[in-house]
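*Asks:* Mind having a look at this structure? Questions to follow.
The values are calculated or read from the model by the stated rules, or taken from the named source; none is laboratory data. Here the structure is a predicted model, which is why all the values come from computation and not from measurement. Cβ atoms come from the backbone with ideal geometry, glycine included; neighbour counts cover every protein chain shown.
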Amino acid sequence: TLALLLGSFVRVSAEPDPNFHIYLCFGQSNMEGQGNIENQDKSVDKRFQVLCSYDNCGSRKKGSWYDATPPLSCCSGAHLGPVDYFGRTLVANLPSEVKVGIINVSIGGCRIEIFDKEKYAEHIETQPDWLKNMAKEYDNNPYGRLIELAKEAQKTGVIKGILLHQGESNSGEKDWPLKVKGIYESILADLGLEAKNVPLLAGE
């Protein structure tokens, strides 16, 4: 009886919190962060959290949640990105019981192909050394890291949307929207999500 009760408690306590809203973020340097971090950016409501996307990030460790003080992606760059005030605006306008968490997997200068789950490896092989070094932070599979962390986040919260800010390296390519569509659909499939519940929001 005790074992059954304990098993029931574990199942209940492991349920994701519907008031913890998760957003997946990916892209290139604009999503990674390009703005200077100023004094007003250095404090944040504890209801806004970031899941660290790689190690070698100061005191932060991959796969752990932290207060979402910038930088939220590339620690070495130490810049402010669009996700910073996306999250701050949400927590300022949502009910007080709602928390917001973000996962940011971004690489400055990357093409959208680096997030293609089938073609990322062959694409990385053709890139300059500086970009290869950045990809190494994600074990040479940025898409895989995004999915890995998203699955971890689904244990504690609910994915509400996907944010993309990328395009400079694919500028003028007419098939770019189709490539993005393929990646979006892969994310939905790999995480068991539906498009009607999890929109893709793309910056320009």
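*Asks:* Count, please, the residues in region 130-170 that happen to be modelled with pLDDT of 95 or more and part of a helix (DSSP H, G or I).
*Replies:* Residues flagged as modelled with pLDDT of 95 or more and part of a helix (DSSP H, G or I) within region 130-170 amount to 12.
*Asks:* Where residues in region 135-147 are free of Cβ contacts under 8 Å to residues at least 40 places away in the same chain and at negative phi, which of them is surrounded by the most Cβ atoms within 10 Å (Cβ to Cβ)?
*Replies:* 135
*Asks:* Determine, yes or no, whether residue 17 is surrounded by fewer than 18 Cβ atoms within 10 Å (Cβ to Cβ) and either over 15 Å from residue 156 (Cα atoms) or of a type in the set (Ser, Thr, Tyr) (or both).
*Replies:* Criteria not met by residue 17.
*Asks:* For region 67-84, name all the residues that are at pLDDT 95 or above and either more than 19 Å from residue 162 (Cβ to Cβ) or touching an Asp or Glu at 6+ places or on another chain (Cβ under 6 Å) (or both).
*Replies:* 67
*Asks:* Okay, moving on. Evaluate the following for residue 52: is it over 23 Å from residue 161 (Cα atoms), surrounded by 17 or more Cβ atoms within 10 Å (Cβ to Cβ) and not hydroxyl-bearing (Ser, Thr, Tyr)?
*Replies:* The answer is no for residue 52.
*Asks:* I need the full set of residues from region 85-129 which are at pLDDT 95 or above, more than 17 Å from residue 27 (Cα to Cα) and either of a type in the set (S, T, N, Q) or not in a helix (DSSP H, G or I) (or both), in order please.
*Replies:* Correct list: 89, 93, 94, 95, 96, 97, 98, 99, 100, 101.
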